[in-house]
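For reference, the structure discussed in these notes is given below.
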Amino acid sequence: MYNDNIELLKLVHLSQFDIDYERTTVHVDMSNNEITINLFINPSMRDCPYCKSTHSIIHARVLKRIYHPVIENRICIILLHSIKFKCNECGHYFMQFNPIVSGSKNISTLGELYILENLRKNRKTFKDISNELFIPHTSVIRCFDEHVNIPRHNLTKVLCFDEIYSKKLTKTKYAFVILDPISSTVLDILDARLKDCLTDYFSRISIKERLKVLYVNIDMWETYKIVAEKAFPNATICVDSFHVIKHLNDAMDKIRLHVQKRFVEHKDDDRNGYYWLLKTFHYYFVQDFNNIKYERKPNSHYSYLWTKHDVLNKLLSIDQNLADSYSLKEEYREFNLCGTYEEALYKIDDFIERFKKAHYEEMRDFGFLLARWKYEIINSFLIVDGKRMSNGPMESLNGRIKRLLYDGYGYSNFNRFRNRLMFCLNKNEPTKFSK
Ligand SMILES: [Zn+2]
């Protein structure tokens, strides 16, 4: 055998096996990027697996075509030549042992490992891998289903509850995710977030394990609160402050639109430029002022260069109630950002009162929201292991989940989807090979 061939066998990770180099050949077809290996394994062991007899005869030679997807963008096929033996003692037939492929599969074991390694990557779909490795789409899925079935992880001290919107995969439109924010591990994913489903799920977990849960972070979905209170007697429930601020920003944006609408009739004769200002700089009302870039926008209304302070002052000069709403919103945002748990305890009632008395209905509604979730919001100011309680780690996972969901093809069942998410999102999730 040529040295080139030995190098090629190394490249496709076959040199580690006990190969019959005299007979094995490698053919590289450059035109369609294909490597074909006529592979012969040395028949070292020929003990009968039934009676352990060492006396067997060659019954037939068998040729098997196997996908060996271990290099990207290249077709790699093994034509495995093996021997079928007949035992002289007990008369059974058995195949020569080979370390390349197991049972009646058509993908090599190394190929399966390579597929799984690729499936761990967020950005790769079943289809991508099928295209890159030149193997059938269904083989990729079969390989995944066979080797990846992840059990739930134990509950941890801090939990985050959240949902993933998926109409296609779940009966109730939402899948439910339990995350440990400290280790950023997805502990489990369920196919519904309904009260009965969640209650039933947690009731199957021992009380000993549930008592270890000390904090649960939720968004403002009432069911989560009810379920968590029942399932985790020792837990403090915290409402994620990101969601609180989102409600506040939504209210502020609606108020800005009210004011803007007042000027819509005069927009062609927008002498003050109010309509234009509110429409163009709408984001000033919801974004952190520090994050807004320096503005320099001369226009038909104002010919001089502006700083972002000029813009904000102009916007707030349009309407006193709009300005008041903005300043109350900013005050709450600042408090949410910098406040301590102790401050939250005595400041929250004052905020509730002021929002409830606000001019615009949207601000008053926000006041009622604060009142309804008062204790959970105060709890969100708690610091555990140096970090403020929040669903933040979950939110950052959400982006990765969405990518997997939307570009993923092949999730015809929820279980596969769940396994794929946990396999990609968690570090070191085992496959059946790891055991
Ligand atoms: Zn035998």
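Since every read-out is calculated from the coordinates, none of them should be taken as a lab result. Here the structure is a predicted model, which means the values were calculated and not measured. FYI the Cβ positions are ideal-geometry reconstructions off the backbone, even for glycines, and counts take in every protein chain you see.
Descriptive notes on the structure:
- Thr54 paired with Lys356, simple spin-label distance in nm, labels 7 Å along Cα-to-beta-carbon: 9.2
- Of all aspartates and glutamates in the structure, the ones whose alpha carbon falls short of 15 Å from that of Lys124, not counting any fewer than 8 places away in one chain, are Glu72, Glu132, Asp407.
- Couplings 3J(HN,Hα) of region 76-88, computed from phi: 10, 10, 10, 9, 8, 9, 10, 10, 9, 9, 10, 6, 6 Hz, in residue order, whole Hz [Karplus 6.51 cos²θ - 1.76 cosθ + 1.60, θ = phi - 60°; x for Gly and Pro].
- Maximal additional length on extending the Glu7-Lys171 stretch stands at 53.7 nm, based on 0.36 nm per residue less the C-alpha distance.
- GNM flexibility winner over the chain from Lys293, Lys195, Lys167 (Cα, springs under 10 Å): Lys293
- Equivalent ellipsoid semi-axes, the chain, via Cα gyration tensor eigenvalues times 5, rooted, Å: 63, 29, 16
- If a spin label sat at a point 7 angstrom from the Cα of Glu342 along the line to its beta carbon, the backbone N atoms of region 375-400 nearer than 15 Å would be those of 382-383.
- Mean residue ellipticity at 222 nm, helices only, the chain: -13000 deg cm²/dmol; runs of at least 4 DSSP H residues each add -39,500 (n - 2.57), and the sum is divided by the number of residues.
- Top of Lys208, Lys225, Lys254 by mean-square fluctuation, Gaussian network on the chain, Cα under 10 Å: Lys208
- For region 1-142: Kirkwood Rh in Å [reciprocal of mean 1/r, alpha carbons]: 16.4
- Angle between the chain longest axis and helix 320-338 axis [Cα atoms, degrees, rounded to 10]: 50
- Unpartnered cysteines - no second Cys beta carbon under 4.7 Å - across the chain: Cys76, Cys143, Cys160, Cys197, Cys238, Cys338, Cys424
- Once backbone amide H atoms are built at 1.01 Å from N, Leu187 has Ile178, Leu179, Asp180 as its partners under 5 Å, excluding neighbours fewer than 5 places away on the same chain.
- From most to least packed by mean Cβ count within 10 Å, the peptides 20-33, 306-319 give 306-319, 20-33.
- Too-long pairs where the Cα-Cα distance tops 29 Å, listed order kept, from Lys246/Lys279; Lys308/Lys329; Lys254/Lys293; Lys121/Lys173; Lys121/Lys254; Lys225/Lys432: Lys121/Lys254; Lys225/Lys432
- Helix axis angle, 414-425 relative to the chain longest principal axis, alpha carbon, degrees: 80
- Full-stretch length increase - Ser31, Phe97 - with 0.36 nm per residue and alpha-carbon distance subtracted: 20.3 nm
- Approximate shape of region 242-379 as ellipsoid semi-axes (Cα gyration tensor, √5λ), whole Å, largest first: 31, 17, 10
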